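Asks: Before anything else, here's the structure in question.
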Amino acid sequence: SYQVTALVKGEILDAPFEEGDQVEKGDVLYQIDASDVQNSIERAEISVEQARLSYQNALDSKEDAAENTDVKASDTGVIQKLYYEAGDNVTAGSPIADIIDRDTMKLTIPFHSADAAGFYVGPRATVTVDGTAETLQGTVDSISPVDQAGTGGTLVRELTITVSNPGALSDQNTGTASVGGADCAGTGTFAYAAQSTVTAKASGKLESLTVSEGDRVTKDQIIGAFEATDMESQIKNAELSLRSAELSLQSTKDQLENYTITSPISGTVIEKNYKAGDNLDTSAAAAGYLAVIYDMSSLSFTMNIDELYIGQIEVGQEVRITADALEGQEFTGHVSKININGTTMNGVTTYPVTVEIDNPGELLPGMNVSAEILVEHAEHVLSVPVEMVGRGNVVQVLPADAYDKDGNPDYSRLVETPVELGRNDEEYIEILSGLSEGDTVVYKMSQTSLIEQMMGGMAQSGGGAATVVVTEP
């Protein structure tokens, strides 16, 4: 049997089974909303990618550590923002400064394809700023090689025109332009000629920073420097960070498996306590099971064996079973496990022995059963009823010639004969020596009723019932 529990909480999206259904091992029982953990997986994947880039940067920078200690301007322009100060510790890949070139602006604007076909890079262009009607002179910087659909379905090509910023233009302004007497086919938005971020190529202490916000710099100008460090240590740290991020990602992915609950066994659903639409809380789930599954293809029970007999019990021995609820039916089983962890009560120790029923038939879990373990089986042995053997292992034997001509026995001629005993069950006991098959044995009983009479039995082989002889009290 298996009690289905949950390790996570959330809304149950699907529970495609009902009580009484037969389920197979691996079948989905519950699907729980996993949107939170899926978001966590995405964040963990981003962290892994960042750590991988840092590790690769550390490897790439190993050959030229001196070069990476210098912080250089990525473009010509003005320092718009500084993220660190001299003396701060910086991680590889972190932004150090934003650079923007406000002196030069670029206007990307559409022209009719027929006009643009005759354009080339370099000619002068006249630019008109929307709102102010200010006219600026610029230069064709690039021409798109691909036609696009413009307003009204006409074909256009985009041109990028470079102009000097008179001081008031920003990336919020729009404008129009003409080239060689051909007017544009629409308006465009101004953009700064350069806008980039300087990032750290190495991790360590930012030893110097020679610029301030608002300072003008040129491309590749050195604006700071890192303290010289051991690149091997940086590579090792980057590698450890990557490994940590990968483990975190795997751990998060493993959590995702907990949102799909499958059956660990094949069996019959006997309880279903949650359904689709229910909100599952781990604290609430701890108070009860989501579902209970029984594998009723086989049944077993445990019986306690006295310490005097446990030494005779072995795994695999045959067991005969009866049930109070199924009168007249007998089942068979076998010993599947012997537990040596005994329990002592009132000076007697018993040991639990597990019995597996071979063919349960109509037996159901919870029924009461009685069982006998067959520790030994003997056939074709000389035996007598147990009650025929008296103290001292002797039997009363009536000689073959102790009968008169009418066949009546003369009990005065009884001979007390010692015998060697063997195995026995509740009815018969084995005679190893002292008797032969066909001997008549007699047992005297007290005179208390007509039922309590002297009875005799014929010793026989095969363990069958002896012939009973009724005698006078």
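The values are calculated or read from the model by the stated rules, or taken from the named source; none is laboratory data. Predicted, not measured: the structure shown is a model, and the values here were computed from it. Here the Cβ is made from the backbone with ideal geometry for all residues, glycine too, and neighbour counts use every protein chain on show. Ligands, DNA and RNA are excluded from the accessible area calculation, which covers all protein heavy atoms including side chains. Shrake-Rupley method; radii C 1.70, N 1.55, O 1.52, S 1.80 Å.
Asks: With Cβ to Cβ distances under 10 Å as the rule, what net charge do the other residues near residue 4 carry (K, R +1; D, E -1)? The partial results should precede the final answer.
Replies: Values: positive: 272; negative: 271.
Local net charge: 0.
Asks: Calculated FRET efficiency, residue 168 and residue 117, Cβ-Cβ r, R0 30 Å, to nearest 0.05?
Replies: 0.30
Asks: Where does the stretch 240-392 land on the Kirkwood hydrodynamic radius, alpha-carbon pairs, in angstrom?
Replies: With all distinct Cα pairs of the stretch 240-392 included, I get 20.9 Å.
Asks: Once R0 is set to 25 Å, what does the formula 1/(1 + (r/R0)^6) return for the Cβ-Cβ distance between residue 345 and residue 3, expressed as a FRET efficiency to the nearest 0.05?
Replies: Values: r = 30 Å, r/R0 = 1.19.
It comes out at approximately 0.25.
Asks: Hand me the trypsin sites (Lys or Arg not before Pro) from the stretch 192-281 located in a DSSP loop with no more than 15 other Cβ atoms within 10 Å, in residue order please. Walk me through the numbers on the way to the answer.
Replies: Details: sites: 201, 205, 216, 219, 236, 243, 253, 272, 275; in loops: 201, 219, 275.
Answer by residue number: 219, 275.
Asks: Mind listing the long-range amide H neighbours of residue 207? Cut-off is under 5 Å, sequence gap 5 or more, other chains count too, H placed in the peptide plane at 1.01 Å from N.
Replies: Under 5 Å from the amide H of residue 207 lie the amide H atoms of 87, 225, 226, 227, each far enough along the sequence or on another chain.
Asks: If you take every residue apart from residue 314 with its C-beta less than 12 Å away from the C-beta of residue 314, what net charge results, scoring Lys and Arg +1 and Asp and Glu -1?
Replies: Around residue 314, the surrounding residues sum to -1.
Asks: Taking Cα atoms, how many degrees apart are the long axis of helix 231-257 and the longest axis of the chain, rounded to 10 and kept between 0 and 90?
Replies: Between helix and principal axis, roughly 50 degrees.
Asks: log₁₀ I(q)/I(0) of the chain at q = 0.05, 0.09, 0.10, 0.11 Å⁻¹, via Debye over equal Cα point scatterers, no solvent, to two decimals?
Replies: -0.56, -0.95, -1.01, -1.07
Asks: At a 1.4 Å probe, what is the % contribution of carbon and sulfur to the accessible area of the stretch 90-146?
Replies: 52 percent
Asks: On to the next question. Using θ = phi - 60° and the Karplus curve 6.51 cos²θ - 1.76 cosθ + 1.60, what whole-Hz ³J(HN,Hα) does each residue of the stretch 382-394 get, with Gly and Pro shown as x?
Replies: So the Karplus estimates, Gly and Pro as x, are 6, 8, 9, x, 4, 5, 6, 8, x, 4, x, 6, 10 Hz.
Asks: Over the stretch 13-58, with the other protein chains present, what is the accessible area per residue in square angstrom, probe 1.4 angstrom?
Replies: 61 Å²
Asks: Using the basic label-point model (7 angstrom from Cα toward the beta carbon), what is the residue 276 to residue 91 distance in nanometres?
Replies: Distance between the two pseudo-spin positions: 4.3 nm.
Asks: Which net charge results for the neighbourhood of residue 262, defined as the other residues with beta-carbon distances under 13 angstrom from its beta-carbon, given Lys and Arg at +1 and Asp and Glu at -1? Show your work: numbers first, answer last.
Replies: Numbers: positive: 25; negative: 14, 24, 27, 257.
Net charge around residue 262: -3.
Asks: Heads up, I need the accessible area for residue 85: 1.4 angstrom probe, whole protein in place, Å², nearest 10.
Replies: Result for residue 85: roughly 130 Å² accessible.
Asks: Under 5 Å between amide H atoms, partner at least 5 residues away or on a different chain: which partners does residue 96 have, H built in plane at 1.01 Å?
Replies: Correct list: 198, 199, 200.
Asks: Based on the mean of other Cβ atoms within 10 Å per residue, sort peptides 47-58, 130-141 so the most packed one is first.
Replies: Averaged packing, sorted descending, gives the order 47-58, 130-141.
Asks: Another question, then. With each pseudo-label sitting 7 Å past Cα toward Cβ, what's the residue 359-residue 108 distance in nm, one decimal?
Replies: Here the answer is 8.2 nm between the modelled labels.
Asks: Which entries of 25/272; 9/236; 205/236; 106/201 show an alpha-carbon separation above 27 angstrom in the structure shown?
Replies: Cα-Cα > 27 Å for 9/236; 106/201; rest within.
Asks: Same structure again: Computed FRET efficiency, Cβ-Cβ of residue 416 and residue 380, R0 25 Å: what is it to the nearest 0.05?
Replies: Computed FRET efficiency for residue 416 and residue 380: 0.35.
Asks: Once both labels are modelled 7 Å past Cα along the beta-carbon direction, what's the residue 262-residue 423 spacing in nm?
Replies: According to this spin-label approximation, the distance is 4.8 nm.
Asks: What percentage of the solvent-accessible surface of the stretch 268-418, computed with a 1.4 Å probe over protein heavy atoms, is contributed by carbon and sulfur atoms?
Replies: Numbers: 4360 of 9460 Å².
Ligands and nucleic acids excluded, carbon and sulfur reach 46 percent.
Asks: In straight Cα distance, which aspartates and glutamates are under 16 Å from residue 81, not counting same-chain residues fewer than 8 positions off?
Replies: Residue 81 reaches 98, 101, 213, 215.
Asks: Working from Cα positions, state the angle (0 to 90°, nearest 10) between the long axis of helix 35-60 and the longest principal axis of the chain.
Replies: Relative to the chain, helix 35-60 is tipped by roughly 60 degrees.
Asks: Okay, next question. May I ask you to derive the relative contact order of the chain, considering only C-alpha pairs under 8 Å and at least 6 residues apart, and to give it as an integer percent?
Replies: In percent, rounded to a whole number, it is 17.
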